[in-house]
Amino acid sequence: MDNNVFEQMAKSYDTEDRMELAQVIVKAVREELQNCKSKSLIDYGSGTGLISLELSDLVDSVLMVDSSKQMLEVAKAKISHKGITNSKVLYSDFTQETPELNADIVLMSLVLLHIPDTKKILQELFNILNIGGKLIIIDFDKNNKINHPKVHNGFSHEELKKRLSEAGFKSIEIKTFYQGNRIFMNQDASMFISSSIK
């Protein structure tokens, strides 16, 4: 999706609906982050930090990566406002170029659907992860009611499993955990959480 769309949305991005949905996602991800106190987390496509800033107490460090400077400005303001000491932001777009980074956990929440080449991004994220590291993806289940030139209409579990294992991931688990009204392009939709190990 064009970056400037997100640049324009940044200041007003944290709507009540988005914050509500973020809480649902945070709850699901928190379960995945038990015993991760010593681990580093990269939130790829972090936006304003609605998800990862709510998880910063569970990990050693959080790096929020986004290709929208405006979104990251909002996230930075939250970090200082909340006095969070273990979180930083990085302006980067891994679909263009991936910086030298590594992490124990990579989180990608409602981001994959905006990335045309899913195969390439999964490979990039695999490369960033430390051995034994975990990739957590939250996204929408396949939804044939949705048709948009720049957004995937969700993902089938089989299709995603195949992509993840092609990228080298093991122990891939995917489960649908939430069904909501009008949460995906104004359509009712369900979300899955996927967890895989490098």
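The values are calculated or read from the model by the stated rules, or taken from the named source; none is laboratory data. Predicted, not measured: the structure shown is a model, and the values here were computed from it. Quick reminder, even Gly has a Cβ in these numbers, built from the backbone with ideal geometry, and neighbours come from all protein chains shown. Ligands, DNA and RNA are excluded from the accessible area calculation, which covers all protein heavy atoms including side chains. Shrake-Rupley method; radii C 1.70, N 1.55, O 1.52, S 1.80 Å.
Structure values in brief
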quantity: Partners for Lys162 among lysines (Cα-Cα distance below 18 Å; same-chain residues under 8 apart left out); calculated: Lys119, Lys120, Lys134, Lys142, Lys170, Lys175, Lys198
quantity: Where Cα atoms sit under 22 Å apart: lysine pairs in region 1-108 separated by 8 or more or lying on different chains; calculated: 22
quantity: Å² of accessible area per residue within the chain, as computed with a 1.4 Å probe and no ligands counted; calculated: 51 Å²
quantity: Residue among Gly83, Gly133, Gly154 with the largest mean-square fluctuation in a Gaussian network model of the chain, springs linking Cα atoms under 10 Å; calculated: Gly83
quantity: Full-stretch length increase - Asp57, Lys69 - with 0.36 nm per residue and alpha-carbon distance subtracted; calculated: 1.9 nm
quantity: Total charge dipole magnitude, the chain, about the Cα centre, Cβ charges on Lys, Arg, Asp, Glu only, Debye to nearest 20; calculated: 240 debye
quantity: Projected-area average for region 1-61 over all orientations - Cα convex hull basis, square nanometres; calculated: 4.6 nm²
quantity: Of Lys76, Lys88, Lys145, the one that fluctuates the most in a GNM where the chain has Cα springs shorter than 10 Å; calculated: Lys145
quantity: Exposure ranking of Tyr44, Tyr13, Tyr178 by accessible area [1.4 Å probe, largest first]; calculated: Tyr178, Tyr13, Tyr44
quantity: FRET efficiency estimate (nearest 0.05) - Cβ-Cβ, Glu166 to Gln23, R0 41 angstrom; calculated: 0.80
quantity: Förster-model FRET efficiency, 22 Å R0, Thr85 and Lys175, C-beta, rounded to 0.05; calculated: 0.10
quantity: Isotropically averaged projected area of region 47-87, using the convex hull of Cα atoms (one quarter of hull area), nm²; calculated: 2.5 nm²
quantity: Debye equation applied to the C-alpha atoms of region 1-131, log10 I(q)/I(0) at 0.15, 0.16, 0.19, 0.21 Å⁻¹; calculated: -0.68, -0.78, -1.14, -1.41
quantity: Bridge type composition, the chain - antiparallel percent by DSSP, nearest 5; calculated: 45 percent
quantity: Antiparallel DSSP beta bridges within region 125-198, as percent of all bridges there, nearest 5; calculated: 95 percent
quantity: Fraction of accessible area attributable to carbon and sulfur, the chain (%, probe 1.4 Å); calculated: 47 percent
quantity: Computed log₁₀ I(q)/I(0) - Debye formula, equal Cα scatterers, no solvent, region 55-120, q 0.11, 0.18, 0.28 Å⁻¹; calculated: -0.29, -0.78, -1.44
quantity: Coarse-grained scattering of region 117-197 at q = 0.24, 0.26, 0.27 Å⁻¹, given as base-10 log I(q)/I(0) from a Debye sum over alpha-carbon atoms; calculated: -1.13, -1.24, -1.29
